[in-house]
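Asks: Mind having a look at this structure? Questions to follow.
The values are calculated or read from the model by the stated rules, or taken from the named source; none is laboratory data. These numbers were taken from a predicted model, which means no experiment stands behind them. Neighbour counts are summed over all protein chains in view; Cβ atoms, including those assigned to glycine, are modelled from backbone coordinates with ideal geometry.
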Amino acid sequence: MQRVERVIEAIIFSSRWLMVPFFLGLILSLLVLMFRFMRGTIEFVVHVQSLSETDVIIGVLDLVDLTLTTSLVLIVIFSGYENFVSKIDVDGHPDWPEWMTKVDFAGLKQKLLASIVAISAIQVLKAFMNLEQYPDTTKLAWLVGIHVVFVFSVLVLAISDRLGEKAKEDAG
């Protein structure tokens with residue numbers, strides 16, 4: 001019976017490699033986002049002379065939004081691989097960001113939600129910069145409401161993580 005259990009555990013442990021195609025797909029999505037960013041940058045620079053100040057700010061916010069999204073994808077790739085598949089050998093990579101090998105699942109959740117809140121905030125700011133596009137304020141109210149939900153979620157997650165850490169300290 002113990003042999004069967006070890007085989008099952010080996011299969012379960014090896015199944016973590018099934019995540020690799022997902023991470024490779026996310027790397028491809030970075031290329032798609034890079035293409036979109038470069039196209040947006042070129043269009044922005046070409047038309048900047050004819051844009052109003054508000055349109056320039058919105059154009060920059062679009063680029064920041066794409067940058068934050070790619071950062072979010074990169075965090076998921078590195079942290080997910082490190083946490084669920086295999087440790088990355090950082091020897092020989094002097095410019096390796098130190099945080100990448102130290103983000104646990106709780107830290108990953110916090111970074112993801114913080115990035116989502118930042119992206120949501122940019123969407124809300126862009127909407128407020130273009131109020132004339134929202135004659136019916138329902139869509140604007142939804143954007144603000146969703147952003148508030150994201151902010152509240154981050155606060156709840158931070159509090160629950162802190163309480164969990166305190167419980168570990170008290171037990172240990």
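Asks: Output the number of the condition that Leu74 fails; it satisfies all remaining conditions of (1) within 23 Å of Lys111 (Cα to Cα); (2) without any contact (Cβ under 8 Å) to a residue 40 or more places away in the chain.
Replies: Unmet for Leu74, out of (1) within 23 Å of Lys111 (Cα to Cα); (2) without any contact (Cβ under 8 Å) to a residue 40 or more places away in the chain: (2).
Asks: Within segment 129-148, track down each residue that is within 16 Å of Val117 (Cβ to Cβ) and surrounded by 12 or more Cβ atoms within 10 Å (Cβ to Cβ).
Replies: Leu143, Val144, Ile146, His147, Val148
Asks: On the given criteria, is Phe84 over 19 Å from Ile119 (Cα atoms) and in contact (Cβ under 8 Å) with a residue 60 or more places away in the chain? Steps first, answer last, please.
Replies: On the way: over 19 Å from Ile119 (Cα atoms): yes; in contact (Cβ under 8 Å) with a residue 60 or more places away in the chain: yes.
For Phe84, the condition - over 19 Å from Ile119 (Cα atoms) and in contact (Cβ under 8 Å) with a residue 60 or more places away in the chain - is met.
Asks: Sort out which residues of segment 152-170 are free of Cβ contacts under 8 Å to residues at least 12 places away in the same chain and either in contact with a Lys or Arg (Cβ under 8 Å, 6 or more places away or on another chain) or polar (S, T, N, Q) (or both), and write them in order of number.
Replies: Ser160
Asks: Further, regarding this structure: Kindly indicate whether Ser86 is under 26 Å from Ile159 (Cβ atoms), among the polar types (S, T, N, Q), surrounded by fewer than 16 Cβ atoms within 10 Å (Cβ to Cβ) and at pLDDT 80 or above.
Replies: no
Asks: Related question: Check Ile42 against each of (1) of a type outside the set (Lys, Arg); (2) buried (at least 17 other Cβ atoms within 10 Å of the Cβ); (3) without any contact (Cβ under 8 Å) to a residue 24 or more places away in the chain and name the one condition it does not meet.
Replies: All conditions are met except number (2).
Asks: Ok, one more. May I ask you to list pairs of residues, at least six apart or on different chains, whose Cβ atoms are under 8 Å apart, with the first in segment 123-151 being farther than 26 Å from Val56 by Cβ and at pLDDT 80 or above and the second being among the hydrophobic types (A, V, I, L, M, F, W, C) and surrounded by 12 or more Cβ atoms within 10 Å (Cβ to Cβ)?
Replies: From segment 123-151, the pairs are Phe150/Leu113; Phe150/Ile116; Phe150/Val117; Val151/Val117.
Asks: Identify, please: which residue in segment 21-79 is among the hydroxyl-bearing types (Ser, Thr, Tyr) and at pLDDT 90 or above and is, among those, farthest from Ile116 (Cα to Cα)? I'd like the intermediate steps shown before the answer.
Replies: Going residue by residue through segment 21-79, those that are among the hydroxyl-bearing types (Ser, Thr, Tyr) are 29, 41, 50, 52, 54, 67, 69-71, 79.
Narrowing the set further to residues that are at pLDDT 90 or above leaves 29, 41, 50, 67, 70.
Details: Ser29: 17, Thr41: 22, Ser50: 32, Thr67: 12, Thr70: 11 Å.
So the residue we want is Ser50.
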